[in-house]
1. Could we say that T107 is touching a Ser or Thr at 6+ places or on another chain (Cβ under 7 Å) and either touching a residue at least 24 places away in the same chain (Cβ under 8 Å) or part of a loop (DSSP other than H, G, I, E, B) (or both) here?
2. Pull up region 92-133, narrow it to residues that are of a type in the set (S, T, N, Q) and within 13 Å of N63 (Cα to Cα), then point me to the one that is farthest from the chain's Cα centre (by Cα).
3. Take the conditions within 21 Å of K45 (Cβ to Cβ), surrounded by 13 or more Cβ atoms within 10 Å (Cβ to Cβ), at pLDDT 95 or above and not basic (K, R) and apply them to L127. Does it pass?
4. Which of (1) closer than 18 Å to T36 by Cα; (2) surrounded by fewer than 18 Cβ atoms within 10 Å (Cβ to Cβ); (3) in contact with a strand residue (DSSP E or B) (Cβ under 9 Å, 6 or more places away or on another chain) is the odd one out, the single condition D114 does not satisfy?
Amino acid sequence: MGPVSANKMTEKDLISIPGSHYSDPVFSWYHSIGVTDIEFLNSSKLGEKYKNNIFVGDVNNGNLYYFQLNDTRTGLKFNLSGLNDMVVDNKNELSEITFASGFKGITDIETGPDGYLYILSYLDGKLYRIVPS
């Protein structure tokens with residue numbers, strides 16, 4: 001659902017279980033995308049920029065997203081200031097994080113033994129290997 005404040009709610013509006021604690025998500029999309037997998041690329045085969053950073057796949061749009069970790073690896077770093085609220089809510093913000101598109105429902109992302117990124121696409125039954133251009 002994204003941050004509580006984005007839904008015109010407060011923590012008091014949520015169901016609370018004794019001993020529980022609510023935290024807003026680290027990152028969210030205003031319109032649900034169906035996140036299916038998250039991969040920390042532990043290889044420099046795509047370039048040093050991508051090494052030890054995050055790739056996320058979605059099943060609804062068939063997009064592959066790229067996120068750069070901050071210097072302390074405790075959060076995300078963005079070039080577009082609109083993403084400082086950690087919610088994608090317009091096309092510019094979506095394009096800021098979209099690495100690749102056109103997949104037919106990503107269901108799995110893995111770093112292969114060769115160090116490249118592999119994408120499994122559900123609706124077309126294909127396995128894609130991502131290599132530098």
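The values are calculated or read from the model by the stated rules, or taken from the named source; none is laboratory data. Note that the coordinates shown come from a computational prediction; the quantities given were computed from them, not determined experimentally. With ideal geometry, Cβ positions are generated from the backbone for all residues, glycine too; neighbour counts draw on all protein chains shown.
1. Values: touching a Ser or Thr at 6+ places or on another chain (Cβ under 7 Å): yes; either touching a residue at least 24 places away in the same chain (Cβ under 8 Å) or part of a loop (DSSP other than H, G, I, E, B) (or both): yes.
Yes: the conditions hold for T107.
2. To start, the set of residues in region 92-133 that are of a type in the set (S, T, N, Q) comprises 92, 95, 98, 101, 107, 111, 121, 133.
Imposing the further condition that a residue be within 13 Å of N63 (Cα to Cα) reduces the set to 95, 98, 101, 107, 121.
On the way: S95: 12, T98: 9, S101: 13, T107: 13, S121: 16 Å.
For region 92-133, the residue satisfying everything is S121.
3. On the way: within 21 Å of K45 (Cβ to Cβ): yes; surrounded by 13 or more Cβ atoms within 10 Å (Cβ to Cβ): no; at pLDDT 95 or above: yes; not basic (K, R): yes.
For L127, the condition - within 21 Å of K45 (Cβ to Cβ), surrounded by 13 or more Cβ atoms within 10 Å (Cβ to Cβ), at pLDDT 95 or above and not basic (K, R) - is not met.
4. (1)
Quick grid of which residues meet (1) of a type in the set (A, V, I, L, M); (2) more than 25 Å from G105 (Cα to Cα); (3) crowded, with 17+ Cβ neighbours inside 10 Å:
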residue	(1), (2), (3)
N7	no, yes, no
Y22	no, yes, no
V26	yes, no, no
Y30	no, no, no
V35	yes, no, no
K49	no, yes, no
F55	no, no, yes
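The rows are residues; the columns are (1) within 29 Å of P113 (Cβ to Cβ); (2) outside any loop (DSSP other than H, G, I, E, B).
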{"residue": "T36", "(1), (2)": "yes, yes"}
{"residue": "S44", "(1), (2)": "yes, no"}
{"residue": "K51", "(1), (2)": "yes, no"}
{"residue": "F55", "(1), (2)": "yes, yes"}
{"residue": "G62", "(1), (2)": "yes, no"}
{"residue": "N92", "(1), (2)": "no, yes"}
{"residue": "E96", "(1), (2)": "no, yes"}
